[in-house]
Each structure stands twice: as structure tokens, then as C-alpha cells.
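A short write-up of the structure that comes next.
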Amino acid sequence: MTYNHTMPIQTQQLQPAQRIIHVVKLIPQGKVLPYGKVADLAGLPGRARYVSTALKQSKDGQVPWHRVISASGKLAFPPDSALFRIQTELLWNDNVEVNQGKVNLSTDMWQPDIATLVLSLPF
DNA sequence: GATGTGACGACTG
DNA sequence: CCAGTCGCCACAT
């Protein structure tokens, strides 16, 4: 079929928040990913804060939200908060060390290869 | 629109 | 390292 500009190109359309959740679900056990990187992989550069918004709204227990951390390697919650303690425990369950509220990004950050992304991202 | 609020991130001292 | 500042962007008021 020849291209007709009157018909829109058919692409897999997922809403931004859905794409964020999709990316977060790809983070393997034992690895973490900063908010900004999640946004990048979701095709939303510069929208790190939107990642936290989307995660907060998704109360789906299937989303490994605890694997998303700040770019500094620190957990994003205040150390005295309940969520901080929960996230710390979930990360330890993943076999990820959390010391002083921080994880070792050089060893524990997810670094997917291009092929994995091409095969995993439906957009 | 204007304004305020974040589970952010880059920069600075 | 850290703490503060500022830019950023989606959302709620």
C-alpha cells in the first residue's frame, strides 16, 4: 500500500503513564533504575518528576516501584518515613544492598542492552 | 491563566 | 560528601 498522508501512521499508542509503568516492570530483580532513566526509556526525557507521579498513582501490586530510585543512588523518601522502610526491605529481598539509604549505582543500576530494549518496548 | 506542589536532577559552594 | 538553589514538568486548585 502506498503512503497516504490522510491516514495516520499506525503506531502502538500507549499513554505516557502506561509507558512508564511498562518500563518499570522491565527492571530485573537485583537491579535499580533512577527516575530520570525510567523517563528516558519511556520516551519522556526531562520528565523524571512525572515518573514519581505515575508510580504513586499505580497501586497495582505488579509494579516493582521499589526498584526506582534517585539519580544519586539514594531512596527518594525521608529516612524516617514508612515508605522508606518498606522500600529498603523490598530491595534487600531483591538482594540489593541498601546502606545509609543508598544503593551502589555502579554495581546495581540496570544497564539494558539495545536488543533487550528493542524487543521489550512496544512503542 | 496564575499559583503551588512533588517518590527529580544538575549545579554550586 | 552535603546542603542549598534553581530549572523542570505534569497536575491540582
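Enumerate the helices in chain A for which the Kyte-Doolittle hydropathy averages 0.0 or more and the C-alpha atoms extend at least 30 Å along the helix's axis, using complete DSSP H runs. Sorted by number, there is nothing, because no helix extends far enough and scores high enough. Accessible-area rank, largest first, for A:Trp92, A:Trp65, A:Trp110: A:Trp92, A:Trp65, A:Trp110, with all protein chains present and a 1.4 angstrom probe. Across the alpha-carbon set of chain A, the Rg to Rh ratio works out to 1.06, Rh being the Kirkwood radius. Note on A:Leu105 and A:Leu83: the extension gain reaches 5.9 nm, defined as 0.36 nm multiplied by sequence separation minus the Cα-Cα distance.
Quick check: at a probe of 1.4 Å, how many percent of the accessible area of segment A:16-109 sits on carbon and sulfur atoms? Whole-percent figure for carbon plus sulfur exposure: 51. Probing with 1.4 Å while keeping every protein chain in the model, the per residue accessible area of segment A:16-109 equals 56 Å².
Each semi-axis of the equivalent ellipsoid for segment A:22-71 is √(5λ) with λ an eigenvalue of the Cα gyration tensor; in descending order they amount to 15, 13, 9 Å.
Straight Cα distances below 16 angstrom link A:Lys37 to the lysines A:Lys25, A:Lys74, with same-chain residues fewer than 8 positions distant left out.
May I ask you to list the trypsin sites (Lys or Arg not before Pro) in segment A:15-123 that are in a DSSP loop and have at most 10 other Cβ atoms within 10 Å of their Cβ? Hits after loop and neighbour filter: A:Lys59.
Taking every C-alpha pair closer than 8 Å and separated by at least 6 residues, the mean separation divided by the residue count of chain A gives a relative contact order of 28 percent. For n ≥ 4 DSSP H runs only, could you compute -39500 (n - 2.57) per run for chain A, divide by its residues and tell me the 222 nm figure to the nearest 500? Per the formula, -11500 deg cm²/dmol.
Amide hydrogen proximity for A:Met109: with H placed 1.01 Å from N in the peptide plane, the residues at 5 or more positions away or on another chain lying under 5 Å are A:Val32.
The values are calculated or read from the model by the stated rules, or taken from the named source; none is laboratory data. What you are looking at is a predicted structure, and each value in this text was computed from that prediction instead of being measured. With ideal geometry, Cβ positions are generated from the backbone for all residues, glycine too; neighbour counts draw on all protein chains shown. To get the accessible areas, we keep the full protein, side chains included, count just its heavy atoms, and leave off ligands, DNA and RNA. Shrake-Rupley method; radii C 1.70, N 1.55, O 1.52, S 1.80 Å.
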